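Step one of this worksheet: look at the structure below.
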Amino acid sequence: MSAVLAGTPRHSVASIGRQQAFPENKDHPKIPMPSTSALPAATARPPGSISVIIPAMNQQDFIGDALASLARQQLGHRDLEVLVINDGSTDATAAIAAEFLPRIPGLRIITHRINRGVSAARNTGLENANGEFVVFLDPDDWFAPTHLAQLAEGLEALEVDFVRCDHVRVTGANRTVHHAPQANRNIVLDPAADISPIDSATMIDYPLVWAGMYRASVLETAAPRFDEDLRTCEDRAWMWQLCLNARSYAVLNAPGVFYRRGLPGSLTQVFDERQLDFVHAYARILEMVLADPRHEVHAPKALRQFLAVSCHHLGRSADFPAALRQALASRIAEQLAHVPAPLLAEGLAQLDDKRRKTLTGLRPFAAATRERT
């Protein structure tokens, strides 16, 4: 998604105050995150070992490709653990995964009796992972044979908390390399510093959790769990938490993850209330940055993302059912009503005319919300 806001001065955020950016969303009650005590102790993890977490729900058409790519990994001395989280599948996903047990000695299949969503599936993977390094892989994607080794070698050589990489988008028979926004490669960087600038794409605009590798010991404290309230946009909230709390990272020239686009069952192709979870995600992101004096400087960037994603969904809402379209407008307006006024004014001022008009047109909804609160 292209950037829609121009730069906002950093110093202006100091006057905003650390009030609550968005209210708790009553449609998605808070679910307590599992304790990190379930994670294996960092000292017990085999050095250089890699855990790959695959959340899978009814992926019988693709899970075989993902696992075949892991069976072909050229890892040398490294141990590989593959955790397939069968998230309440009703098709042959688990049976196909089981066929790879002889080919991937470290393969484990963990089953949720009912579907709990991608966040819960990834959390189950984190709770059971034993590797020093953690990687996420979606069940309809796959890795090049040297991908995991390249990421692990970069992580070790640079001694950083995590590494990110480019990826290859696969649309039918077409393949296109998409580059991570950070042009500096193979050097140690500060993830919080790379959240800015506001007026161009940065690494926080590249929230693809499967395009990287993470030290398990860092995830225990920096980004311990995915938010199970969120059925979509969970990767953005998790990546914000990681970038604000981790100390170092690097971007590697290793475009070895292949990402399928435009599949019929993808949530981006489904028009239901799950599409609205981005509002809830950014409520928590903005609340997080405004509540911490160290990070409130990043509030304009968080708002920039929220406005951009909002305009994107509003722009395609003509294809939504009428009730969903109404709910989208109301939900965005409600959250805009709770953004600190100086921050919102600066954000709206940087929009192009079309998008500013789209969002200011929601003000009647926002006014009604302010009256109720």
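Go over the candidates Thr93, Thr111 one by one and state the one that is crowded, with 24+ Cβ neighbours inside 10 Å, of a type in the set (S, T, N, Q) and assigned by TED's automatic domain parsing to the domain that holds Arg225.
Thr93
Just one of Leu70, Leu39, Leu80 is out of contact with any strand residue (DSSP E or B) (no Cβ under 6 Å at 6 or more places or on another chain) and at pLDDT 50 or above; which is it?
Values: Leu70 fails: out of contact with any strand residue (DSSP E or B) (no Cβ under 6 Å at 6 or more places or on another chain); Leu80 fails: out of contact with any strand residue (DSSP E or B) (no Cβ under 6 Å at 6 or more places or on another chain).
On inspection, the qualifying residue turns out to be Leu39.
Do we find a residue being among the basic types (Lys, Arg) and assigned to a strand (DSSP E or B) anywhere in segment 177-186?
Of segment 177-186, the ones among the basic types (Lys, Arg) are 185.
Within this subset, residues satisfying the condition of being assigned to a strand (DSSP E or B) are none.
The answer is no; no qualifying residue exists.
Within segment 242-264, which residues are hydrophobic (A, V, I, L, M, F, W, C) and either under 18 Å from the mean Cα position of the chain (by Cα) or over 22 Å from His147 (Cα atoms) (or both)?
Leu242, Cys243, Leu244, Ala246, Ala250, Val251, Val257, Phe258, Leu263
Only one of Val118, Val135, Val160 is under 16 Å from Pro47 (Cα atoms), within 19 Å of the chain's Cα centre (by Cα), buried (at least 17 other Cβ atoms within 10 Å of the Cβ) and not aromatic (Phe, Trp, Tyr); which? Let's see the steps before the verdict.
Working: Val118 fails: under 16 Å from Pro47 (Cα atoms); Val160 fails: within 19 Å of the chain's Cα centre (by Cα).
From the options Val118, Val135, Val160, the qualifying one is Val135.
Give segment 218-265 a look and list any residue that's crowded, with 17+ Cβ neighbours inside 10 Å, of a type in the set (Ser, Thr, Tyr) and at pLDDT 95 or above, or say none.
Tyr249, Tyr259 - these are the residues of segment 218-265 that are crowded, with 17+ Cβ neighbours inside 10 Å, of a type in the set (Ser, Thr, Tyr) and at pLDDT 95 or above.
What single numbered condition from (1) under 28 Å from Ala71 (Cβ atoms); (2) in a helix (DSSP H, G or I); (3) in contact (Cβ under 8 Å) with a residue 12 or more places away in the chain fails to hold for Arg236?
Against the list (1) under 28 Å from Ala71 (Cβ atoms); (2) in a helix (DSSP H, G or I); (3) in contact (Cβ under 8 Å) with a residue 12 or more places away in the chain, Arg236 comes up short only on (1).
Does segment 97-108 hold any residues that are surrounded by 19 or more Cβ atoms within 10 Å (Cβ to Cβ) and in contact with a Gly (Cβ under 9 Å, 6 or more places away or on another chain), and which are they?
Once the filter is applied, which keeps residues that are surrounded by 19 or more Cβ atoms within 10 Å (Cβ to Cβ) and in contact with a Gly (Cβ under 9 Å, 6 or more places away or on another chain), segment 97-108 yields Ala97, Phe100.
If a residue has to be under 22 Å from the mean Cα position of the chain (by Cα) and small (Gly, Ala, Ser) to count, how many in segment 163-172 make the cut? Before you say what the answer is, go through the steps one by one.
Taking segment 163-172 first, the residues under 22 Å from the mean Cα position of the chain (by Cα) are 163-171.
Adding the requirement that they be small (Gly, Ala, Ser) leaves none.
Of the residues in that region, 0 qualify.
Check segment 339-346 and report whether any residue there is at pLDDT below 95, in a helix (DSSP H, G or I), in contact with a Lys or Arg (Cβ under 8 Å, 6 or more places away or on another chain) and more than 28 Å from Ile54 (Cβ to Cβ).
For segment 339-346, residues at pLDDT below 95, in a helix (DSSP H, G or I), in contact with a Lys or Arg (Cβ under 8 Å, 6 or more places away or on another chain) and more than 28 Å from Ile54 (Cβ to Cβ): absent.
Can Ala149 be described as in the same structural domain as Thr221 (by TED's automatic domain parsing) and either in contact with an Asp or Glu (Cβ under 7 Å, 6 or more places away or on another chain) or among the β-branched types (Val, Ile, Thr) (or both)?
No.
Restricting to segment 193-205, and then to whatever is out of contact with any Lys or Arg (no Cβ under 7 Å at 6 or more places or on another chain) and either crowded, with 17+ Cβ neighbours inside 10 Å or not assigned by TED's automatic domain parsing to the domain that holds Asn130 (or both), can you tell me which residue is nearest to Leu307 (Cα to Cα)?
Within segment 193-205, the match that is nearest to Leu307 (Cα to Cα) is Asp205.
Within segment 98-121, which residues are touching a strand residue (DSSP E or B) at 6+ places or on another chain (Cβ under 6 Å) and within 18 Å of Val135 (Cα to Cα)?
Residues satisfying the conditions are Ile104, Gly106, Leu107, Arg108, Ile109, Ile110, Val118, Ala121.
Return yes or no: is Asp141 of a type outside the set (A, V, I, L, M), touching a residue at least 40 places away in the same chain (Cβ under 8 Å) and in contact with a helix residue (DSSP H, G or I) (Cβ under 8 Å, 6 or more places away or on another chain)?
yes
The values are calculated or read from the model by the stated rules, or taken from the named source; none is laboratory data. Just so it is clear, the model here is predicted, and its values are computed rather than measured. All Cβ positions, even for glycine, are placed from backbone atoms using ideal geometry, and neighbour counts span all protein chains on display.
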